[in-house]
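Below: the structure, in structure tokens.
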Amino acid sequence: MLGLAQLFAGRLVKAAAILITIVVLNFLLVHAAPGDPAMVMAGEAGAADEQFVAQLRAQFGLDRPLTEQLATYVGKVVQGDLGYSYRQQRPVWDILWERLPATLLLTLTAFLLSLALGVLLGAFAAVQVGRWSDSAITVLALLAYATPIYWTGLMLSLLFAVELGWLPAFGYETIGAGYTGLDHALDVARHMVLPVVTLALFYMAAYARLTRASMLEVRGQDFVKTARAKGLGPLRIETRHVLRNAILPVITVAGIQAGQLVGGSILIETVFAWPGIGRLAFEAVLQRDYQVLLGIFLVTSVMVILFNILTDLLYGLIDPRIQVAR
Amino acid sequence: MTNRDFWRGFARNKGAVLGLLLLLAVMALAAFADILFPGDPWEMATAPFQPPLSGDALLGSDMLGRDIAAGIAHGARVSLVIGLISTAVALLIGVTLGAVAGFHGGWVDDAVMRFTELFQTIPNFVLAVVLVAIFTPSLTTIVIAIAVVSWPPLARLARAEFLSLRSREFVQAAVTTGQSNLTIILRQILPNSLSPIIVSASLMVATAILLESSLSFLGLGDPNAMSWGYMVGAARTMIRQAWWMSFFPGIAIVLTVLSLNLVGEGLNDALNPKLARSRG
């Protein structure tokens, strides 16, 4: 168990380093933005007379040296103070906190679904290598790779919501229906189908290709020949010996791509009016609400770190050697 | 490797040949956009909400009567130019950092790789959105934002190549003959590590085009340049009434990105023939 503790300690140090860098980057971005932050804030508040700007400058310590400002900024972020959105007249943290659950629900479901389906399809393609189903999966993966996810989302909603009317086209729940308990959960689930599938589709394709390539590689190794020589059945060899080893690089890549998945939620939530952080990012872009945008940058980075820890746990689950080896 | 070997390797991959033809078609469309569709693609050309194949608009018109086909042709330019330039900038950043890390090794390598890893963890699309929004959308800010978020894989690749070539005899020979580090990096190692870098770069052009289209879909495109992502984004709310407005620009993106991916795979097969054969 010492190995696992060490692994987590290492992860935590790394996560802390990443967070500090992002906080500093945020601070620099605010200062690098064209125009003085006090003027920007005054503009957001809708007033720009000289006195008000001077007052803001003093209030936020913008007349102090840059290093002192950075220290104050970091101190505030550590306490969970991410600034104030004048557009929405609320602290940034409150706005983000309210939107976080919807985004977590969407991205986590899509992440697990894409991983599960991707591995399944890739394994199927590897077993069927050379047959038409293998080619079909390869072509599907190529197409998914080339299609912008927001467009996939639009087209799926055109087909399944507008034309066929099977699923709701947008939103998180049926507004005004007043569902409770299980009905509410089912209602949210129905609304989730299109955004989750759209987001998962792209990554599923990536993982399918990777699983296929990885399985073909593992299959040629000696221990697989040994298993075959022992007389094990083909199904047992493919699942227990080949897939279990082939899946490791897939999970590594899934961890690396978690950031892109979280970023992709901006597009998906915009298309499906999903009331999460991504949709908030789109609104913040429209309103040029930089405080909110930078807060989103920080929160999504934290999400990526959490996803990485999740992949580490998956890794340890599949390959018990990890605990000792690292 | 001779030219003929290269083309033979490339042509063995049927998909790559198809991709190359597609890519040439998109390039021709971009080059001849002014002749095929003269005039400003932002100007009203026909009645609004014309469905495809009706009147004088082959692919229909949008809510302001702009010709969708003209927008696609002019948008091809923006996509290809942004894709190519931002990849070039990303190559410059990534290969430089990777080369320095791989060549020097030790603490320089450590520091550069930590930095690279950090950039890989940051949700890169969010960073691109933040950068373009704060520095106001324009062709320059978009190119820089895309380059800033896409260099890390190139740096890792270049580092690995440099690290393995660094200890080879011909490099050692160059060191003993007293060549400067810069000369060794540029004249000895770089030419020998080009093929994997070229393959990654060609795939990166495709990713850059997708990124640009996503940014302009969110309204973060250059306001003076017609682009495919913008066309889809602007028509998004009208999909119930007029599907063609967002359908055709999306198809243009898919075909262009697909062609680049196929060409990239073909390049891979042609430049690393051993790998291609072993993959079966």
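The values are calculated or read from the model by the stated rules, or taken from the named source; none is laboratory data. None of these values were measured; they are calculated from a predicted model. Cβ coordinates were reconstructed from backbone atoms using ideal geometry, including for glycine residues, and neighbour counts include every protein chain displayed. When the accessible area is computed, the model is the full protein with side chains, heavy atoms only, and any ligands, DNA or RNA have been set aside. Shrake-Rupley method; radii C 1.70, N 1.55, O 1.52, S 1.80 Å.
Numbers for the structure displayed
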item: Helix runs (DSSP H) in chain B reaching 24 Å along axis by Cα, Kyte-Doolittle at least 0.5; result: B:14-31, B:68-104, B:194-217, B:244-271
item: For A:149-160, mean number of other protein chain Cβ atoms within 10 Å; result: 5
item: Å² of accessible area per residue within chain A, as computed with a 1.4 Å probe and no ligands counted; result: 49 Å²
item: Cα convex hull of the range A:177-294 - mean projected area over all directions, nm²; result: 11.1 nm²
item: Where A meets B: accessible area buried, both sides, 1.4 Å probe, Å²; result: 3900 Å²
item: Accessible area of the range B:132-244 divided out per residue, in Å², using a probe of 1.4 angstrom; result: 42 Å²
item: Helix runs (DSSP H) in chain A reaching 27 Å along axis by Cα, Kyte-Doolittle at least -0.5; result: A:2-32, A:92-127, A:181-219, A:244-272, A:290-318
item: Among B:72-80, B:232-240, the order from most to least packed when residues are scored by Cβ within 10 Å on average; result: B:72-80, B:232-240
item: Residue mean of other protein chain beta carbons inside 10 Å, A:20-27; result: 2
item: Threshold 30 Å², the range A:287-302 residues less accessible with all protein chains present than alone (1.4 Å probe); result: A:Arg288, A:Tyr290, A:Leu293, A:Phe297
item: Ratio of Rg to Rh over the range B:146-225 (Cα coordinates, Kirkwood Rh, two decimals); result: 1.20
item: For the range A:99-320, alpha-carbon Rg and Dmax in angstrom; result: 19.8, 66
item: Members of the range B:108-145 that become less accessible by 50 Å² or more once partner protein chains are added (1.4 angstrom probe, chain alone as reference); result: B:Leu118, B:Thr121, B:Ile122, B:Pro123, B:Phe125, B:Val126, B:Val130, B:Ala133, B:Ile134, B:Phe135
item: GNM result for chain A, Cα springs below 10 Å: residue of A:Phe124, A:Phe52, A:Phe272 fluctuating most strongly; result: A:Phe52
item: Three semi-axes of the equivalent ellipsoid, the protein assembly as shown, Cα gyration tensor, whole Å, largest first; result: 37, 32, 29
item: Simple label model, 7 Å out from Cα along Cβ direction - A:Ala9 to A:Ala227, nm; result: 3.6 nm
item: Heavy-atom surface of the range B:1-131, accessible at 1.4 Å and reported per residue (Å²); result: 49 Å²
item: Most mobile of A:Ile175, A:Ile296, A:Ile20 in a GNM of chain A (Cα contacts under 10 Å); result: A:Ile175
item: Kirkwood Rh, angstrom, the range A:81-190 [1 / mean 1/r, Cα pairs]; result: 17.8 Å
item: Accessible surface of the range B:105-222 [probe 1.4 Å, protein heavy atoms]: carbon and sulfur percent; result: 62 percent
item: Value of Rg to Rh for the range B:192-245 (Rh from inverse mean 1/r over Cα pairs, i.e. Kirkwood); result: 1.22
item: Distance in nm between pseudo-label sites at B:Asp56 and A:Asp319 (7 Å out along the Cβ direction from Cα); result: 6.4 nm
item: Exposure of B:Trp243 as accessible area (Å², to 10), given a probe of 1.4 Å and all protein chains; result: 100 Å²
item: For the range B:3-279, convex hull volume per residue from C-alpha positions, Å³; result: 160 Å³
item: In sequence order, calculated HN-Hα J values of the range A:166-174 (Karplus, 6.51, -1.76, 1.60; Hz; x Gly/Pro); result: 6, 10, x, 7, 7, x, 9, 8, 6
item: If the convex hull is drawn through the Cα atoms of the range A:189-253, its volume per residue in Å³; result: 94 Å³
item: Fraction of accessible area attributable to carbon and sulfur, the range A:99-320 (%, probe 1.4 Å); result: 68 percent
item: Förster-model FRET efficiency, 25 Å R0, A:Thr239 and A:Leu108, C-beta, rounded to 0.05; result: 0.45
item: Value in Å of the Kirkwood radius, where the range B:151-280 supplies the Cα pairs that are averaged; result: 17.9 Å
item: Cα pair distances exceeding 12 angstrom across the range A:66-122, given as percent; result: 74 percent
item: Segment A:Tyr179-A:Leu248, extension gain: residue separation times 0.36 nm, minus the distance between their alpha carbons; result: 20.6 nm
item: Gaussian network model of chain A, Cα within-10 Å springs - most flexible of A:Thr211, A:Thr147, A:Thr67; result: A:Thr67
